[in-house]
Amino acid sequence: MAILYSWRYDASYYATVIDRYYQQLPFVLQLPTQFTLLWLIGIGTYFAMTHAALRDFAGWALAIGAIGIPALVVLTKRAILLKYRLRLSFGTEASYSLADAGVSIQAKSVHGTYPWSEYSRAVRFSDGMLLLRNGAMRWLPDSALQRGTVEEAVALVRSHLPMRFWVRPNLARGFS
């Protein structure tokens, strides 16, 4: 039995794709970490080149980091979303079918069946699965499931790909 997903390629879908992609990356490759490292390099370079006293620039450096890092994360995600909005497939319907033969895609810009060997791994989130390969990713939201169950979809993907389960860190753990 094939597992069937169906959804519309809209801004909400792509915003989730972008979030899930960056969430599953190693910590050092996540956007806030990348921009923090760039900020630290910039601050270090400034101090090395100007020999400025730390107390003279600390307030400005912290303000720039506190405002700039989150702003750059948001702007980067919006720029990526804009790229997706410009695609011909934006706003159209898509159907993905998962079976032992592979992933079949029926959408405006993509038609065909891709064998499981095309994908390198999968990541399971609380609200869907991300199938990954070099140069492409496929987000399968649980809310788009039309035929089959989440458990059947996970079992099928796990039988063909290595899968890891992404669990949102509980920052409140240990606090009562």
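Each reported figure results from applying straightforward, stated rules to the coordinates on display, with no laboratory input. Note that the structure is predicted; figures quoted are calculated from it, not measured. Virtual Cβ from ideal backbone geometry, glycine too; neighbours counted across all protein chains shown.
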Relative contact order of the chain (C-alpha contacts under 8 Å, at least 6 apart) in percent is 28 percent
Residue-ordered couplings for the range 147-155, obtained by feeding phi - 60° into the Karplus form 6.51 cos²θ - 1.76 cosθ + 1.60 and rounding to whole Hz (Gly and Pro as x), are 9, x, 10, 4, 4, 5, 5, 4, 4
Answer in debye to the nearest 20: the dipole magnitude of the range 14-85 about its Cα centre, from +1 Lys/Arg and -1 Asp/Glu charges placed on Cβ, is 320 debye
Taking Cα pairs closer than 8 Å and at least 6 residues apart, the relative contact order of the range 14-85 in percent is 45 percent
Magnitude of the Cβ-charge dipole (Lys and Arg +1, Asp and Glu -1) of the chain about the Cα centre, nearest 20 debye, reported as 180 debye
Matching label for the computed semi-axes √(5λ) of the Cα gyration tensor in Å, out of (i) 40, 19, 14; (ii) 36, 17, 16; (iii) 31, 20, 12, is (i)
